[in-house]
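*Asks:* Let me give you the structure first, and then I'll get to my questions.
The values are calculated or read from the model by the stated rules, or taken from the named source; none is laboratory data. Because the structure is a prediction, the values reported are computed rather than measured. Positions of Cβ are backbone-derived with ideal geometry, glycine not excepted, and every protein chain shown enters the neighbour counts. Keep in mind that these areas ignore ligands, DNA and RNA; they rest on the heavy atoms of the full protein, side chains included. Shrake-Rupley method; radii C 1.70, N 1.55, O 1.52, S 1.80 Å.
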Amino acid sequence: MSAQINGSLILLINIENEPLNPYIPKYFLFIMKTKLIALLLVVCVSFTYAQNFKEDSVYMRTHYEKFEYQIPMRDGVKLFTIVYVPKDQSKKYPILLNRTCYNASTYGDFKTYGHPSNYLVKDKYILAFQDVRGRYMSEGTFDNMRPNIPGNDRKNKTAIDESSDTWDSIDWMIKNIKNNNGRVGMFGISYPGFYTAAALPDAHPALKASSPQAPISDFFFDDFHHMGAYLQSYTAAFAVFGYQKEGQTKDDWFMDEIMRFYGKQVKDGYDFHLKLGPLKNITEQYHHDNFFWQQIVDHPNYDEFWQKRSILPHLKDVKHAVMTVGGWFDAEDLYGPLNIYKSVEASSPQAYNTIVMGPWGHGDWANEKGKSTHNHIYFGDSISTFYQREIERTFFAYHLKGEGQPNLPEAYMFDTGSKQWRKFDTWPPRDAAPLSLRFAENGKLYVNQPVPQEAVFEYVSDPAKPVPYTSQTEGLTFTPRSFMSDDQRHASRRPDVLTFETDPLQEDVVLSGEILAKLKVSMTGTDADFVVKLIDVYPQDHPNYEHNAKNIVMGGYQQLVRSEVFRGRFRNSFAKPEPFKPNEITDVEFPLQDILHTFKKGHRIMIQIHSTWFPYIDRNPQKYVDNIYKANEEDFIKSTIRVYGSSSIEIGGNNKLNTKLDFKK
């Protein structure tokens, strides 16, 4: 067992509760040993992969030559870039570029950590890894989700964005790196996925193929927020993104600030966050001098600050090939890949544009574990290998080398219920039959059937006793991932969770496409969050899976398939929140993101609705305040929430978000 200790983004987790995530672009893991308080900085890969990475390093040293450059941008700032060039000079090679805020120097010892995959490494590309502006060994000032400048003029030396930095980097590499074939591809997972997407507008003509993977698209809907609600589980991340470095460095300059929050043993993160109290205590105790935290506190609504940081409106007139990749169980960036694909599809019909969604958590396609599982659910064998070999490899080989045929459908989607890949010529599928789920008395859920609309279902939501987001007790985590397919029996047993389920299905039911929650609600308070969950209930005789601990019983398992939280104050506009009027029936409509899942014969379909989801999501005081980040303890009140029988969950068909829900104004 070995560990690499030099820098990159770090993350604190409890080693007993959080599995190591096996891919490099997102984070290094900072593990607190539970018995010894010894601190171990580990590359963000499972130790089970350590030997493979050593072998990869030997291959890289044998077949590649390494160079390091400081590439000048139009305004004079220089960006640190590591480049590996195949030693075989008998032919020319395309360039594969990864731009990252997570320390390009970690790639500096002839390691790629499985990303790009070994298939791409052995197919021979010129591999380039670059620190973005203001990070690690690059010059300049860092800006989270730096706003795009539409129609950026290459001659303007002061108008810089991520697209212009990419343009300048590609232009320099094409002219200065030996033996390149004049074609460039980009790839990246998570934040590097955003940098890949951010290069699509006003792209350099040499950029021929881009693969944004688990890309962030908009920080008000990805990562730090979901539908305007703050992800309290991200609290530790602000140290990484909220302090500027001093000079060029290969080390993590934010370590001391991380330790202010996580330099302690915590076995129960739910209890820790609950005792922490209102979000204002985070400001006072941990992040009072953190510029990114202060930006979030100062901009609780979807104002101009957030709007100009969304890349989606700028994905126009894309001329080269794009393959967006995501995981159906990505707790961090599910909104991003789906909406980046749809934005390119809508505005650039001439572009080669495809999407791949597999049964993965965040970035799990970048390494192969043999048995493909997410949390307690087994999906098959070698699914990531299939993606790397048959999909990603094919995409880059065709568009960068002219080898083979693309042979990729418009949408390569994994059905998470039937557990098989499916191909579609459009996404969402144009022939998907619409399906409506409606709520009735005695916890009944009906499919495409009318129900009494005068029915009323209510629960008392208490911010002092919020609904846990996971079935298991865990310590402090950075971004919880396993819960996206977790067992929901812990929630269905609570009185503050509405639970509706069908009878056992008499035949398979396939749900595909977009999901829209259309709720009619009232409350005794003046604000509330709404969590809607779509769940697959297994039959009681379902066999257990070999990879699980013995206490994980799959008979009667209530598997989370899709879920979302919505902050009710934004029901008419994300930019202009408004309180509810007590006891007045009000429409609340919001999307749950897309789905492809077969509910098998003998299973049941379940819907759960509740108003807390802790500590994944922060607590809504339930009394309207202008800024929840500044709410006081006394602002948090109990509220009786009512959901009416005229509500429904609409899946497939021509679902569109209520036009009142203005994302812009």
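*Asks:* Please determine, by comparing only the residues of the stretch 283-311 that are modelled with pLDDT of 95 or more and touching a Leu at 6+ places or on another chain (Cβ under 9 Å), which one is surrounded by the most Cβ atoms within 10 Å (Cβ to Cβ).
*Replies:* Restricting to residues being modelled with pLDDT of 95 or more and touching a Leu at 6+ places or on another chain (Cβ under 9 Å), the top hit is Ile311.
*Asks:* Scan Ala203, Ala209, Ala128 and give me the residue that is closer than 27 Å to Lys250 by Cα, under 25 Å from the mean Cα position of the chain (by Cα) and hydrophobic (A, V, I, L, M, F, W, C).
*Replies:* After applying the criteria, what remains is Ala128.
*Asks:* What residue, among those in the stretch 206-252 that are open to solvent by 10 Å² or more (accessible area, probe 1.4 Å) and polar (S, T, N, Q), is farthest from Gly182 (Cα to Cα)?
*Replies:* Residue satisfying both the conditions and the ranking: Gln244.
*Asks:* Sort out which residues of the stretch 286-314 are assigned to a helix (DSSP H, G or I) and β-branched (Val, Ile, Thr), and write them in order of number.
*Replies:* Ile296, Val297
*Asks:* So, in the stretch 601-632, exactly how many residues are over 31 Å from the mean Cα position of the chain (by Cα) and either more than 28 Å from Tyr557 (Cβ to Cβ) or modelled with pLDDT under 95 (or both)?
*Replies:* Counting residues in the stretch 601-632 that are over 31 Å from the mean Cα position of the chain (by Cα) and either more than 28 Å from Tyr557 (Cβ to Cβ) or modelled with pLDDT under 95 (or both) gives 0.
*Asks:* Under 7 Å between Cβ atoms, which residue pairs at least 6 apart in sequence (or on different chains) link something in the stretch 566-580 that is assigned to a helix (DSSP H, G or I) with a partner that is open to solvent by 20 Å² or more (accessible area, probe 1.4 Å)?
*Replies:* Arg569/Pro577; Arg569/Glu578; Arg569/Pro579; Arg569/Tyr624; Phe570/Pro577
Let's see how each residue does on (1) surrounded by fewer than 18 Cβ atoms within 10 Å (Cβ to Cβ); (2) aliphatic (A, V, I, L, M); (3) over 20 Å from Arg489 (Cβ atoms); (4) in contact with a Ser or Thr (Cβ under 9 Å, 6 or more places away or on another chain):
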| site | (1), (2), (3), (4) |
| --- | --- |
| Ile595 | no, yes, yes, yes |
| Lys601 | yes, no, yes, no |
| Ile609 | no, yes, no, yes |
| Phe614 | no, no, no, no |
| Asp626 | yes, no, yes, no |
| Ala631 | no, yes, yes, no |
| Ser646 | yes, no, yes, no |
| Gly652 | no, no, yes, yes |
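*Asks:* Continuing with the same structure: Quick one: Ala203 ticks every box in (1) of a type in the set (Gly, Ala, Ser); (2) in a loop (DSSP other than H, G, I, E, B); (3) open to solvent by less than 10 Å² (accessible area, probe 1.4 Å) bar one, so which box is it?
*Replies:* Among (1) of a type in the set (Gly, Ala, Ser); (2) in a loop (DSSP other than H, G, I, E, B); (3) open to solvent by less than 10 Å² (accessible area, probe 1.4 Å), the lone unmet condition for Ala203 is (3).
*Asks:* Pick from Leu534, Leu560: which is at pLDDT 95 or above, out of contact with any His (no Cβ under 9 Å at 6 or more places or on another chain) and open to solvent by less than 40 Å² (accessible area, probe 1.4 Å)?
*Replies:* Leu560
So that you can scan it fast, the table gives a plain yes or no per residue for (1) aliphatic (A, V, I, L, M); (2) open to solvent by less than 50 Å² (accessible area, probe 1.4 Å); (3) assigned to a helix (DSSP H, G or I); (4) touching a Leu at 6+ places or on another chain (Cβ under 7 Å):
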site	(1), (2), (3), (4)
Phe142	no, yes, no, no
Ile149	yes, no, no, no
Asn156	no, no, no, no
Ser169	no, yes, yes, yes
Gly182	no, yes, no, no
Tyr195	no, yes, yes, no
